[in-house]
Amino acid sequence: MNGKSFSFVFAAVLAILCALVVLSLPPSADAIPAFSRRYGTSCTTCHSDFPKLNDFGKAFKDAGFKFPKDDESFLKTPPVLLGAPAQAELWPHTVYPGSIPGLLPIGLRYNTYFQQVSANRNNFNLALPAGTVGNFIPKSDFEPGYFSIFTAGNFGTGISWWVDDDISVAGANVNGALGDGYLKFNDLSRFLKLPKDSLNLRAGQFELDLPFSQARTWNLSGWDIFSQANIGVQNGLAPAQNVNNGLALEDAANGVEFSGGHAYQGYHYSVAVFDQNTTGVFSNPPNVAPQNAIAYSSDSNFKDLYGRFVYRFNLEKDPASRNEVQAAGTTGPRDHTYLALGTFYFYGRTVQPFSGVLSDGVTPTVLTAREPFYRIGGDVNFNYRTFNVFGVYVAAHDHNLLPVTASGAAGITGFTPSAAATFSGGFAEADYLALPWAMTIMRWDQVKSTADRVNFIEYDPSAPPPSSFFSPYSATRNRFTPGEQFLIHANIKASIEYQIRPQQIVYNPATGLPLTGPFRTNALIVGLEFVY
Amino acid sequence: MKKIALVTIFMTALATVAFAGTIHGKVSGVSGESVVYVEGVAGKTFPAPTQHITVDQKGLMFVPHITAVAQGTTVEFLNSDSVAHNVFWPSISGNKKLGHNLGTWPQGQRKSFKFDDPGIVPLLCNVHPEMSGYVIVSPTPYFAVTDKSGDFKIDNVPDGAYTVTAWHEGAKNKSNPVKVAGDTTADFTLSK
Ligand SMILES: [Cu+2]
């Protein structure tokens, strides 16, 4: 058997499995029953279709996981004081008084899946030499999902926290990972005599302030554009690129973030400075041990920057209602009719060290390619009563430095700028809450990446691109995902989505010629989840 | 003349004492507050009470949880919370035609409703589905909310034969015939 084609098929199978897992398992974190217990109220106070926040939930989050006004009057269990409030008068001769929740603020979540994949799911076996036993994707499958713990709340004096962690993923305890873990100083603006809530600071690990949270999405599968990395053409076909940027917008950031404004009305901004890590490698050198021997989470000296600005126009006719957290309807408060327009910008600079030689052509040295990159995007979000339609567009651009070897040199001697590695795309989604417990969803995801397509033609198994998509048929990958979600109770949800996945194709690994016409490996995903 | 007047006053006072009784007793089989009321008497109407009763919304709860009023009473629903609430009832004693939605109003303000139909009014809020309260509209002015141990006393019930009903949240109503003559005892045992 041809070793090259075997490893190609192995890598292809891996890629398909990755695609299935990535597409079917949503990112972690969720609604927070800890708050439900603390305030003695239902999930629906803050969520329309958990974890999707309603306007009140957005205001609660903005206030530092507190009721926007008179928080104490809603607490069903009094906080434990870590100092009498009057101790504040003695400061700095005493520890500043704060509090912790009277009940351990813990929420748990579990979900489980069933999926059914269309008939052409095993098409990649066509690339195998006759008689080779291939890998197998079952027609239907029951799978365990996430078991997650999350804890969040407020320590008094405007300091809030959030920590969530997946204790087990897909049945394996070892796969669990920290989602967000941060401390947030809310309304620092009050010390600077700035408008209320115009300045907050959070520090720790957090999801970037994306227009729509991927970590806390209510969909069964995440939005493709937020998980798209930028890997240039690396299989020898033109245009060759040296960009190898594994970062995706959904990745957790470690750093600090300044933010202000409100999500339920008016402006909101954030500016974050955080570790650059585009390789996914955490260094842990023996000589200069990092703090408590925890690996360094940066792979470069550069700190990435992310900024976001959004303005939300509440469109109620009644001006008094427009400025309230919720609009006053004739039969009760409800989400506003609103239009929000936003933009975001990410700037980073990848570092790729290479072994090379000095200009003499012989003396070994390390040459470093520093490739600045950016992601820029815009978003729109419109809500009318129980109908919500929104979308995001992202354009990505990585400066591309190709290694060059001077004539006669024993290794690369430098870099030369070449065609930038780019991708673009986004999504549009419409959510219709037909009943308070039933939401109909229609989604369209699109990612355009020429490199992702080219990388699978005459694919080099020795250097597989880490794309989760297997042999895209065209540079433009469209996915349509209709879905329906049912709240069985306020904390139990059944979700169904049918993923009409991007067109794929199987190439002959030896010739690079297609072995199939374009096909889609569509999948039906059913999820059951509960939080408590 | 003076003597006659005095006698008249005396006789009148005696008559009042003789013909107005009390019903007291205990509601058992359930725990917490219940409501006991005298059912309507055919051909007898009562003037609508002029005093308004307040039901508050405080800390995401209806306060008090159970309110008993006489038919025709105006209840003022106050919102003491800094969050928006809504007050509605899907039905009165299961009659969906009597369902009503009062809408939403800001903190510190009230909205009134005159309960002209007797029955059990389950108060709900469509923003906070856990919120629960009851207004029990008694067809007569003879009603009482029991204490936590179930004891109650209804004053000033004219002597006569009545049907008396006991209500408790989540339990089956029980109606018993009660013959009131002076100080009368009526006990109820409810079950879920
Ligand atoms: Cu309410």
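The values are calculated or read from the model by the stated rules, or taken from the named source; none is laboratory data. The structure displayed is predicted, hence computed values, not measured ones. Neighbour counts are summed over all protein chains in view; Cβ atoms, including those assigned to glycine, are modelled from backbone coordinates with ideal geometry. To get the accessible areas, we keep the full protein, side chains included, count just its heavy atoms, and leave off ligands, DNA and RNA. Shrake-Rupley method; radii C 1.70, N 1.55, O 1.52, S 1.80 Å.
Details
- When the residues of region A:55-75 are filtered to those that are farther than 17 Å from residue A:184 by Cα and open to solvent by 50 Å² or more (accessible area, probe 1.4 Å), the one that is farthest from the other protein chains (Cβ to nearest Cβ) is A:72.
- Residue match in region A:501-511 (condition: in a strand (DSSP E or B) and without any contact (Cβ under 8 Å) to a residue 24 or more places away in the chain): no
- Whether a residue is outside any strand (DSSP E or B), within 14 Å of another protein chain (Cβ to nearest Cβ) and modelled with pLDDT under 95 was assessed, and residue A:97 does not pass this test.
- Residue in region A:283-293 that is outside any loop (DSSP other than H, G, I, E, B) and within 14 Å of chain B (Cβ to nearest Cβ) present: no
- On the stretch given as region B:52-90, residues that are at the interface with chain A (Cβ under 9 Å from one of its Cβ atoms), open to solvent by less than 20 Å² (accessible area, probe 1.4 Å) and either free of Cβ contacts under 8 Å to residues at least 12 places away in the same chain or in a strand (DSSP E or B) (or both) total 1.
- Given (1) in contact with a helix residue (DSSP H, G or I) (Cβ under 6 Å, 6 or more places away or on another chain); (2) open to solvent by 60 Å² or more (accessible area, probe 1.4 Å); (3) at pLDDT 95 or above, index of the condition residue A:515 fails: (3)
- Among (1) touching a residue at least 60 places away in the same chain (Cβ under 8 Å); (2) of a type in the set (Gly, Ala, Ser); (3) over 30 Å from residue A:436 (Cα atoms), the one test that residue B:112 misses: (3)
- Test: residue in region A:333-356 that is without any contact (Cβ under 8 Å) to a residue 60 or more places away in the chain, of a type outside the set (Ser, Thr, Tyr), crowded, with 19+ Cβ neighbours inside 10 Å and under 16 Å from residue A:416 (Cα atoms): yes
- Flag for residue B:101 being within 16 Å of the ligand (Cβ to nearest atom), surrounded by 15 or more Cβ atoms within 10 Å (Cβ to Cβ) and at pLDDT below 95: no
- Residue in region B:65-72 that is closer than 30 Å to residue B:176 by Cβ, within 13 Å of the chain's Cα centre (by Cα) and within 16 Å of the ligand (Cβ to nearest atom) present: yes
- Inside region B:107-136, residues that are under 25 Å from residue A:36 (Cβ atoms), away from the ligand (no atom under 13 Å from the Cβ) and within 14 Å of another protein chain (Cβ to nearest Cβ) make up a count of 0.
- When region B:167-192 is limited to residues that are touching an Asp or Glu at 6+ places or on another chain (Cβ under 9 Å) and of a type outside the set (S, T, N, Q), the one that is most open to solvent (accessible area, probe 1.4 Å) turns out to be B:179.
- Unmet criterion (only one of (1) under 19 Å from residue B:66 (Cβ atoms); (2) more than 16 Å from the ligand (Cβ to nearest atom); (3) open to solvent by 10 Å² or more (accessible area, probe 1.4 Å); (4) free of Cβ contacts under 8 Å to residues at least 60 places away in the same chain) for residue B:95: (1)
- Residue count, region B:14-39 (criterion: of a type outside the set (D, E, K, R), open to solvent by 50 Å² or more (accessible area, probe 1.4 Å) and either modelled with pLDDT under 90 or not in a strand (DSSP E or B) (or both)): 7
- Picking from residues in region A:363-379 that are over 18 Å from the mean Cα position of the chain (by Cα) and open to solvent by 10 Å² or more (accessible area, probe 1.4 Å), the one that is farthest from residue A:227 (Cα to Cα) is A:363.
- Some residue of region A:277-284 being of a type in the set (A, V, I, L, M), exposed (fewer than 13 other Cβ atoms within 10 Å of the Cβ) and without any contact (Cβ under 8 Å) to a residue 40 or more places away in the chain: yes
- Residues of region A:236-246 include at least one that is within 30 Å of residue A:524 (Cα to Cα) and out of contact with any strand residue (DSSP E or B) (no Cβ under 7 Å at 6 or more places or on another chain).
- Some residue of region B:146-168 being in contact with a Leu (Cβ under 7 Å, 6 or more places away or on another chain) and assigned by TED's automatic domain parsing to the domain that holds residue B:80: no
- Scanning region A:188-209 for residues that are surrounded by 19 or more Cβ atoms within 10 Å (Cβ to Cβ) and assigned to a loop (DSSP other than H, G, I, E, B) returns A:197, A:199, A:208, A:209.
- Any hit, region B:125-135, residues being open to solvent by 30 Å² or more (accessible area, probe 1.4 Å) and under 13 Å from residue B:68 (Cα atoms): yes
- Scanning region A:305-326 for residues that are over 30 Å from the mean Cα position of the chain (by Cα) and touching a residue at least 24 places away in the same chain (Cβ under 8 Å), we see that the one that is farthest from the other protein chains (Cβ to nearest Cβ) is A:322.
- Single condition residue A:287 does not satisfy, out of (1) out of contact with any strand residue (DSSP E or B) (no Cβ under 8 Å at 6 or more places or on another chain); (2) touching a residue at least 40 places away in the same chain (Cβ under 8 Å); (3) over 28 Å from residue A:241 (Cβ atoms): (2)
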